[in-house]
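Down below is the structure, laid out as structure tokens.
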Amino acid sequence: MKSTRARFGALIAIVALPVLLTGCSNDSKLTRFGFPSPATKEGPTILTLWQGSWIAAGLVGILTWGLMIWAIVVYRRRDGDPLPAQTRYNVPLEIAYTIIPLVMVLGLFYFTAKDQSELTKLSGTQTHTVNVQGWRWSWGFNYTEEGAYDVGTPAARPVLYLPVDEKVKFVLTSPDVIHSFWIPAFLMKMDVVPGRHNSFEITPNKLGTFVGKCAELCGADHSRMLFDVKVVNRSEYDAHIAELKARGQVGLLDTGRQKVAGATQ
């Protein structure tokens with residue numbers, strides 16, 4: 001029996017070792033479980049929720065697999081053993097495997113609702129506002145306070161400029177169908193719904209160029225509904241706004257389709 005328990009303990013250690021080793025680095029690919037490194041102040045909140053969900057699922061999996069293997073090894077039938085006693089049900093056990101999953105689901109719901117309410121709360125303390133307009137199949141960006149806009153096509157993706165370490169409020173609108181505004185490195189995504197203004201705030205805190213895309217299947221050219229995001233210093237941001245105005249892109253874009261000649265409807 002001791003040798004069986006020793007083998008069982010070694011097996012559990014082998015299964016758990018990869019999970020434990022992922023804690024060696026706080027920002028490694030393993031610990032992020034497929035997520036990119038956050039490029040916003042709010043990103044770690046989403047990443048922590050994601051990591052916690054995977055850790056909880058992993059621990060449940062290890063426990064479940066361990067119990068199964070333990071039962072297979074310890075209670076396996078040996079030569080000469082009689083048939084085991086047959087039981088119809090076990091009330092304490094059935095109560096346990098009903099209550100424990102319920103507690104786990106409620107716990108996951110609590111942390112998700114808490115983080116979601118924090119991430120979608122509008123503080124009104126943003127430095128500037130960008131009205132994001134998504135249509136089939138490109139994007140337009142209204143820099144509201146600056147009185148300038150940028151716009152693109154599926155063949156010439158637009159570029160959204162944001163100043164680093166300054167909070168920005170996104171107001172999302174669409175003139176046609178549902179789209180989804182997604183910048184993977186920001187760890188934030190929100191639907192762009194016709195007839196409705198969805199909003200959220202973030203603070204980019206890493207300089208660089210990031211990819212943005214539509215995450216809602218919206219038609220034939222959905223895969224080409226791309227844009228780039230450049231997080232730059234304030235001086236470079238101001239220079240870009242001045243360049244837009246010099247090109248005549250002054251004021252606000254009503255609907256992106258009105259500004260794109262020959263856009264597919």
Estimated vicinal HN-Hα couplings, Hz - region 153-160 in sequence order (Karplus 6.51, -1.76, 1.60; Gly, Pro = x): 9, x, 7, 10, 5, x, 10, 9
Highest-MSF residue in the chain out of 47, 187, 207 [GNM, Cα springs under 10 Å]: 207
Karplus-derived 3J(HN,Hα), 6.51/-1.76/1.60, for each residue of region 213-223, Hz, glycine and proline x: 7, 8, 10, 10, 4, 10, x, 4, 9, 3, 5
Nonlocal amide H pairs with residue 205, under 5 Å, H built at 1.01 Å: 40, 41, 165
Base-10 log of normalised Debye intensity for region 105-255 (one unit scatterer per alpha-carbon) at q = 0.09, 0.18 Å⁻¹: -0.28, -1.10
Identified option (computed Cα Rg over 2.2 N^0.38 Å; candidates [x] 1.43; [y] 1.78; [z] 0.94): [x]
Placed amide H near residue 190: partners under 5 Å, 5+ positions off or other chain: 181
Gaussian network model of the chain, springs between alpha carbon atoms under 10 Å - residue of 112, 127, 98 with greatest fluctuation: 98
Other-chain or far-sequence residues with amide H under 5 Å of residue 200's (modelled H): 170
Structure-based [θ]222 nm, the chain - -39500 (n - 2.57) summed over DSSP H runs of at least 4, per residue, nearest 500: -13000 deg cm²/dmol
Estimated inter-spin distance, residue 96 and residue 159, nm [label 7 Å along Cα→Cβ]: 6.2 nm
Highest-MSF residue in the chain out of 80, 124, 212 [GNM, Cα springs under 10 Å]: 80
Karplus (6.51, -1.76, 1.60) ³J(HN,Hα), θ = phi - 60°, over region 122-134, in Hz, Gly and Pro reported as x: 9, 8, x, 9, 5, 6, 7, 10, 10, 8, 8, 10, x
Candidate lysines - alpha carbon under 24 Å from residue 41, same-chain residues fewer than 8 apart omitted: 29, 114, 121, 167, 169, 189, 206, 213, 230
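Any read-out appearing in this document is the output of simple, stated calculations on the displayed coordinates, not a laboratory observation. Fair warning: this is a prediction, and the values are worked out from it, not measured in the lab. So basically every Cβ, Gly included, is an ideal-geometry build from the backbone, and we count neighbours across all protein chains shown.
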